[in-house]
Amino acid sequence: MKHHLIAAAILGLSAGAAHAVTFSGTAEGSWVDPIGNVGFTIANNDASGTADVDWGTPVDTDFNNLWSFDGVGSDGGPGWTAEAGNLFKVGDFTYRNGSVTNHDFDGASLAVTLFIVSPLNVTEAFSFAFDVINTPNTSGDPVTDGDIASIANTFTSATFMYDGLNYTLELLGFSQDGGTTLTTGFNSPEGSTSVAALYGRIVEPNVVPVPASLPLLLAALGGLGLVRRARRRAA
């Protein structure tokens, strides 16, 4: 009977450690709900190029300000692929920071649509508001005088069903080091252009975790069985 109990425990725990499903797809972004009335332009062409919003008249630079988003696979290139639980890049966010005037632009929302094309067809849309944190250009240091693109609302999630299980799709934040560090905003030094990647994740359904003490437990049960057999022989 003990052997059956041990086998059942092993099977039950290993069932929770099933191989993660690999998903793949593309992403596309567009700028919506701008805050302001004058001095900015929106051009949503991510399907063939990038989704852009630019604002202001240049003063001390040869260019104005620009936010640009390029979704992974949106223009026909390779899309994203990731196992459930792993980070994947959704797209690149570019912030060109010029010295500008003649605008009242204060931010906009980036609507991101994620298309999961394998192993199923699912479309989920997210919308995140961005604020412009303008820094006075008084120090002479481009970094200190740099402006910040800051996410104004928290990231949301959505669920979808695959193979009878509910998976959660999340957008997590921006990274400039390949996903090691995630943030809700990033600085673009004055008179320069900065790029950060937007990352997401598909979270697999809750599984029974394999406890760290499992090897000790199995060893103890096995040892108990050996002791009992030895006692039977001795009797």
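The values are calculated or read from the model by the stated rules, or taken from the named source; none is laboratory data. All values derive from a computational prediction rather than experimental measurement. Ideal geometry is used to build each Cβ from the backbone, glycine not excepted, and the neighbour counts take in all protein chains shown. These accessible areas exclude ligands, DNA and RNA; they are computed on the full protein's heavy atoms, side chains included. Shrake-Rupley method; radii C 1.70, N 1.55, O 1.52, S 1.80 Å.
Contact map, segment 104-117: first residue in contact (Cβ under 8 Å) with a residue 40 or more places away in the chain and closer than 15 Å to Ile42 by Cα, second residue surrounded by fewer than 19 Cβ atoms within 10 Å (Cβ to Cβ) and among the charged types (D, E, K, R), Cβ cut-off under 8 Å, separation 6 or more or different chains; pairs are Asp106/Asp131; Gly107/Asp131; Ala108/Asp33; Ser109/Asp33.
Residues considered: Ala129, Ala149, Ala125, Ala111. Of these, the only one that is at pLDDT below 90, in a strand (DSSP E or B) and within 17 Å of Asn64 (Cβ to Cβ) is Ala149. Would you pick out the residues in segment 57-68 that are touching a Phe, Trp or Tyr at 6+ places or on another chain (Cβ under 7 Å) and either modelled with pLDDT of 95 or more or of a type outside the set (A, V, I, L, M, F, W, C) (or both)? Matches in segment 57-68: Asn64, Asn65.
Yes/no per residue for (1) under 30 Å from Ala84 (Cα atoms); (2) in a strand (DSSP E or B); (3) among the aliphatic types (A, V, I, L, M):
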position: Ser24; (1), (2), (3): yes, yes, no
position: Asn37; (1), (2), (3): no, no, no
position: Gly49; (1), (2), (3): yes, no, no
position: Val53; (1), (2), (3): no, yes, yes
position: Asp62; (1), (2), (3): no, no, no
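Evaluating Thr41 against the criteria (1) open to solvent by less than 60 Å² (accessible area, probe 1.4 Å); (2) farther than 20 Å from Glu190 by Cα; (3) modelled with pLDDT of 95 or more; (4) not hydrophobic (A, V, I, L, M, F, W, C) leaves one unmet condition, (1).
Tally the residues that are touching a Pro at 6+ places or on another chain (Cβ under 9 Å), among the small types (Gly, Ala, Ser) and crowded, with 20+ Cβ neighbours inside 10 Å, restricting the search to segment 71-106. Number satisfying all stated conditions: 1. Restricting Thr22, Thr50 to residues that are at pLDDT 90 or above, open to solvent by 40 Å² or more (accessible area, probe 1.4 Å) and within 30 Å of Asp163 (Cβ to Cβ) narrows the list to Thr22.
Is it true that Ser157 is modelled with pLDDT of 75 or more and either of a type in the set (S, T, N, Q) or within 26 Å of Gly98 (Cα to Cα) (or both)?
The answer is yes for Ser157.
Can you confirm whether segment 170-183 contains a residue that is small (Gly, Ala, Ser), exposed (fewer than 15 other Cβ atoms within 10 Å of the Cβ) and farther than 15 Å from Gly91 by Cβ? Scanning segment 170-183, I find no residue that is small (Gly, Ala, Ser), exposed (fewer than 15 other Cβ atoms within 10 Å of the Cβ) and farther than 15 Å from Gly91 by Cβ, so the answer is no.
Inside segment 184-205, residues that are of a type in the set (A, V, I, L, M) and open to solvent by 50 Å² or more (accessible area, probe 1.4 Å) make up a count of 1.
Condition check: assigned to a strand (DSSP E or B), in contact with a Lys or Arg (Cβ under 8 Å, 6 or more places away or on another chain), buried (at least 18 other Cβ atoms within 10 Å of the Cβ) and among the small types (Gly, Ala, Ser). Does Ser68 satisfy that?
Here the answer is yes, as Ser68 does meet what is asked.
Within segment 107-135, if we keep just the residues that are of a type in the set (Ser, Thr, Tyr) and under 21 Å from Leu171 (Cβ atoms), the residue that is most open to solvent (accessible area, probe 1.4 Å) turns out to be Thr123. Taken over segment 100-120, the residue count meeting the criterion of being among the hydrophobic types (A, V, I, L, M, F, W, C) and within 18 Å of Val59 (Cβ to Cβ) is 2.
Residues that are more than 28 Å from Phe23 (Cβ to Cβ) and of a type in the set (Phe, Trp, Tyr) within segment 68-100 comprise just one, Tyr95.
Number of residues in segment 71-108 that are of a type in the set (Asp, Glu) and outside any strand (DSSP E or B): the value is 3.
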